[in-house]
Amino acid sequence: MKTAFRTLCLTGLAALPLAACNQTASAPPQAGTSGTLSSFNVPDASGCRGEISRYRAVMSNDLAMGHVGQSVYTRVDREIGQAEAACAAGRDAEAMRMINATKARNGYL
């Protein structure tokens, strides 16, 4: 009897990892649960203006969704403003470097 019980326990333990693989598919996420606002639109402009517009849209969405705090948003917005000034002055490459540096510092690359 002890041998049969021990064999049953060992078989159960061996089958446990395999049972974990037999999961059923979960339902796809519902609208509004993807981490973005339903009104979120990505601007389609090109060059540094487009990159600045897209990054502003992402940061605004992340602030609204609670993914970043107000202090982070304020700092990033100030840095985006500096890049925007460089872009408006025709220094596109400098503006892109500034945006990419801000993204890298904040985990958006």
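Restricting attention to the range 79-106, the residues that are open to solvent by 70 Å² or more (accessible area, probe 1.4 Å) and part of a helix (DSSP H, G or I) total 6. The set of residues in the range 62-78 being assigned to a helix (DSSP H, G or I), open to solvent by 30 Å² or more (accessible area, probe 1.4 Å) and not aliphatic (A, V, I, L, M) consists of GLN70, SER71, TYR73, THR74, ARG75, ASP77, ARG78.
Going through LEU109, LEU8, LEU37, LEU16 one at a time, which residue ends up being at pLDDT 60 or above and either assigned to a helix (DSSP H, G or I) or open to solvent by 60 Å² or more (accessible area, probe 1.4 Å) (or both)?
LEU109
The values are calculated or read from the model by the stated rules, or taken from the named source; none is laboratory data. Just so it is clear, the model here is predicted, and its values are computed rather than measured. These area figures cover heavy atoms from the full protein model, side chains too; ligands, DNA and RNA do not enter into them. Shrake-Rupley method; radii C 1.70, N 1.55, O 1.52, S 1.80 Å.
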